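Input: a single structure, listed below in structure tokens.
Since every read-out is calculated from the coordinates, none of them should be taken as a lab result. Just so it is clear, the structure is predicted and the values come from calculations on it, not from any experiment. Cβ atoms come from the backbone with ideal geometry, glycine included; neighbour counts cover every protein chain shown.
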Amino acid sequence: MPKKFITQKERKIPVVASADVIVIGGGPAGTSAAVSAAREGTQTILIERYGFLGGLATGGLVIMLCGGTSKGNPIVGGLYQEILKELQKRKLANDEELPTISPEGFKLILDEYMAKEGINLFLHSFAVDAILSEKKDAVRYIIIESKEGRFALQGKAFIDASGDADMAKWCQIPFEISPNLRPITTVYRMGNIDMKKAMNFKDSPQYTKKMSEWSEIEFRPAWEPTLNYGEAWMDDIFMFYFNPLKIKDLTEAEILGRRKVFEMFEHYKMNFPGFENASLIDTAPILGVRETRRIKGQYILTQADVLNQTKFDDSIALGVGPNGVFAIPYRSLIPKKINNLLFAGRCISVEPNALDYVRVISTCIAIGEAAGIAASLIVKNNCSSTEVNIKKLQSLLQKKGSFF
């Protein structure tokens, strides 16, 4: 019988770089955190497991940016608006209330931001562990794995924007996982569509009737035009009962998602006017994961907070809920126990029923921007995350055009 465990010999791990602020995860929250930290004059490292930045906004093909406005008015400012305007200037995004972006264009602009701000970027690097101080109250090193082997990065303040709150596991920080996680999505794109014909049908009275008929063959189309002629963004593959923290579940979801895409592709060609000669362009290289670990932080943002639009003295970002604009407190970024660590993105301290309003890309960028500035204050003032001067943090955010 094979052994249940093996013992690996102790080995020395080279410390290959150090910085004031180290960010794990190069998605919307992580890139925003890294840029905002660097702009405050703190040396910054950004670790990303893929070969590009942008996370679900690029590799996940989630190219419609929701949550940036409410009733036509912007509620997410700062770095989000800056990036969006740069995309629009280069014709890599439209000026709709829910902007559609070019995922490749977004990758390019984020690369440029990294170079401009002098951020030390580690692509193709998988963060796998953290080394704590002797008192177990602060992070000292991040361990990364790559094709070169295993290395350590030394930092003073850390931001977990992994989406999965990986640092919570490594640092034994309280977190929770819902028993019924939100579904995983495989997003894809189709081309060679007669868009005028397709849109006319989509806007016609017959469409609702057809949707009811199609449900019997499990064809529930959901798509929008992209910036490219005759091309559509497809978001109609939902896979339930998978845990994105398990290798087996991720493997099965990848395979199932691709099979479902081809099934949907055939349904479109056979049933949807305008798609008769359509072609399948690509499937997203990153699965659309909505939920995994969420930390139990200094404050848990609740569904009631979202619905009642609760005000917070330490608000650092805004989001859009069913009843309008709600605030996100800085305390929801702060874990328990570790004093030089912040979280950003969908893994912050939030109730499951409030998560859907927090995890959208524009809101994650706003949270990341606040986390980056807060991390720089931790470094500059040699203080803990709970000792950050909130008024100073808010003042810096306000100067950068953020709303909170």
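Things to note:
- As computed over the range 185-270, the Cα convex hull volume per residue (Å³): 106
- Mean Cβ count within 10 Å, highest first, over the residues of peptides 210-223, 310-323, 348-361: 348-361, 310-323, 210-223
- Candidate cross-link partners of LYS91 among the lysines, defined by an alpha-carbon separation under 17 Å and a same-chain spacing of 8 or more, comprise LYS107.
- Peptides 271-281, 145-155 ordered by average Cβ neighbours within 10 Å, highest first: 271-281, 145-155
- Backbone amide hydrogens, once placed in the peptide plane, bring ALA130 within less than 5 Å of ILE143, excluding anything fewer than 5 places away on its chain.
- Partner aspartates and glutamates for LYS71 [C-alpha distance under 17 Å; skip if fewer than 8 residues away on the same chain]: ASP95, GLU96, GLU97
- Kirkwood-based Rg to Rh ratio, the range 35-193, C-alpha trace: 1.00
- Per residue, the convex hull spanned by the Cα atoms of the range 231-351 measures out at 166 cubic angstrom.
- Beta bridges per DSSP with both ends in the chain, % antiparallel, nearest 5: 65
- 13 Å beta-carbon shell around ALA232, net charge (K/R +1, D/E -1): -1
- Matching label, percent of Cα pairs over 41 Å apart computed from the structure shown, candidates (i) 22; (ii) 15; (iii) 11: (ii)
- Per-peptide average of other Cβ atoms within 10 Å, ordering 100-112, 26-38 highest first: 26-38, 100-112
- Relative contact order for the range 301-390, counting Cα pairs under 8 Å that sit 6 or more residues apart, in percent: 27
- Computed about the Cα centre, the dipole magnitude for the chain is approximately 1040 debye when only Lys and Arg (+1) and Asp and Glu (-1) carry charge, each at its Cβ.
- Total lysine pairs whose alpha carbons fall under 19 Å of each other in the range 122-206 (8 or more apart, or interchain): 4
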